[in-house]
Amino acid sequence: MTSFSERFCTRRILLLVAVLLAMPVAAAQDPAPDRTVLITGANRGIGFEFVKQYAARGWRVIATTRDPASADELKALADDNENVLIEQLDLLDHPGIDALAGKYSGQPIDVLINNAGLMRGPDRGQMVGTIDYAEFDRFYRTNAMGPLKVSEAFYPHVKAGNLKVMAALTTGKGKRGIPVPGFTLYKTSKAALDSLQQEIALRWKNQGIKVVTLNPGRVLTHGEPATPGQATVEVEDSIRGMIAVIDKLTKEQSGQTISWDGERLE
């Protein structure tokens, strides 16, 4: 007959064995991997809503804006969320873009969202016949050249990420566009961005990078009136839809323009 002390020791050994056997199972339950998104023009409107929704998902958010000092809502959000990092970035400042990329050297970025841009109109300087050619240069440098420079500068970071997505926001096409005069520079500079996105997709397709141009729909974020007969979409719904497009983006879709509701646009 075994003694009480022997039975007690046996039970402790059996308990220890059970704990050790359970440890590999617990170790296999790794937490979800970190995700990082970089968003340009993150201080208001569509960009700010992207920041809010990605932060709510637990992502690390690098939120850039031309003037962080005046980005009160963004700063308040960052104060309450340590995963939101605010950085200064001006699309016209190419050395500054390179410097920011250098600051985050070695940091993988899963999703790059080129949201920042110049939007204005209607005005005579954007009407054929009275085009303001100084503004022509500023629109194209901001809406086309700037996002291209950001994509080139942060290419190593996106390549090192898990999702490897480069997204850029465009305006609507055809019937979904702006059907009135006075937006020529805005619309055509965005069309140039669409073409550049296709070139990026072609150039880096063998690197596993997926490129998408996103149409947010008619989102009223600048206090502009709704165009008669044109449906609008709430900014929360638009961003939720675009994030879903990014989440599900495949290599076969790289280079496409896709609406916030998932519809491919030609």
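Being over 16 Å from Asn206 (Cβ atoms) and either free of Cβ contacts under 8 Å to residues at least 60 places away in the same chain or in a strand (DSSP E or B) (or both) is the filter here; which residues of segment 254-266 pass it? Steps first, please.
First pass over segment 254-266, keeping only residues over 16 Å from Asn206 (Cβ atoms): 256-266.
The answer is Gln256, Thr257, Ile258, Ser259, Trp260, Asp261, Gly262, Glu263, Arg264, Leu265.
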**Request:** Kindly state which strands (runs of 3 or more DSSP E) lie completely within segment 50-166 and contain at least 2 residues that are farther than 21 Å from Lys210 by Cβ.
**Result:** 60-65, 84-88
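Would you tally the residues in segment 112-136 being more than 28 Å from the chain's Cα centre (by Cα) and surrounded by 18 or more Cβ atoms within 10 Å (Cβ to Cβ)?
Initially, segment 112-136 is screened for residues more than 28 Å from the chain's Cα centre (by Cα), giving 123-134.
Pick out the ones that are also surrounded by 18 or more Cβ atoms within 10 Å (Cβ to Cβ) and you get 125-126.
Total satisfying the criteria: 2.
Just the residues that are touching a residue at least 60 places away in the same chain (Cβ under 8 Å) and either closer than 23 Å to Ser259 by Cα or crowded, with 19+ Cβ neighbours inside 10 Å (or both), please, taken from segment 147-166. Before the answer, list the steps.
In the first step, residues of segment 147-166 are kept if they are touching a residue at least 60 places away in the same chain (Cβ under 8 Å); the result is 147, 150, 154, 157, 161-163, 165.
Result: Pro147, Val150, Phe154, His157, Gly161, Leu163, Val165.
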**Request:** Return the residue satisfying two criteria in turn: it lies in segment 167-185 and is crowded, with 18+ Cβ neighbours inside 10 Å and not in a loop (DSSP other than H, G, I, E, B), and of such residues it is farthest from the chain's Cα centre (by Cα).
**Result:** Thr184
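Residue-by-condition table, conditions (1) in contact with a Leu (Cβ under 7 Å, 6 or more places away or on another chain); (2) surrounded by 16 or more Cβ atoms within 10 Å (Cβ to Cβ); (3) in contact (Cβ under 8 Å) with a residue 60 or more places away in the chain:
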{"residue": "Pro68", "(1), (2), (3)": "no, yes, no"}
{"residue": "Ala71", "(1), (2), (3)": "no, yes, no"}
{"residue": "Lys75", "(1), (2), (3)": "no, yes, no"}
{"residue": "Asp79", "(1), (2), (3)": "no, no, no"}
{"residue": "Ile86", "(1), (2), (3)": "yes, yes, no"}
{"residue": "Asp90", "(1), (2), (3)": "no, yes, no"}
{"residue": "Pro95", "(1), (2), (3)": "no, no, no"}
{"residue": "Asp98", "(1), (2), (3)": "no, no, no"}
{"residue": "Gln107", "(1), (2), (3)": "no, yes, yes"}
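No lab work stands behind these numbers, since they all come straight from the coordinates. Nothing here was measured: the structure is a model prediction, and the numbers come from that model. Don't worry about glycine lacking a Cβ; one is built from the backbone with ideal geometry, like all the others, and counts go over all protein chains shown.
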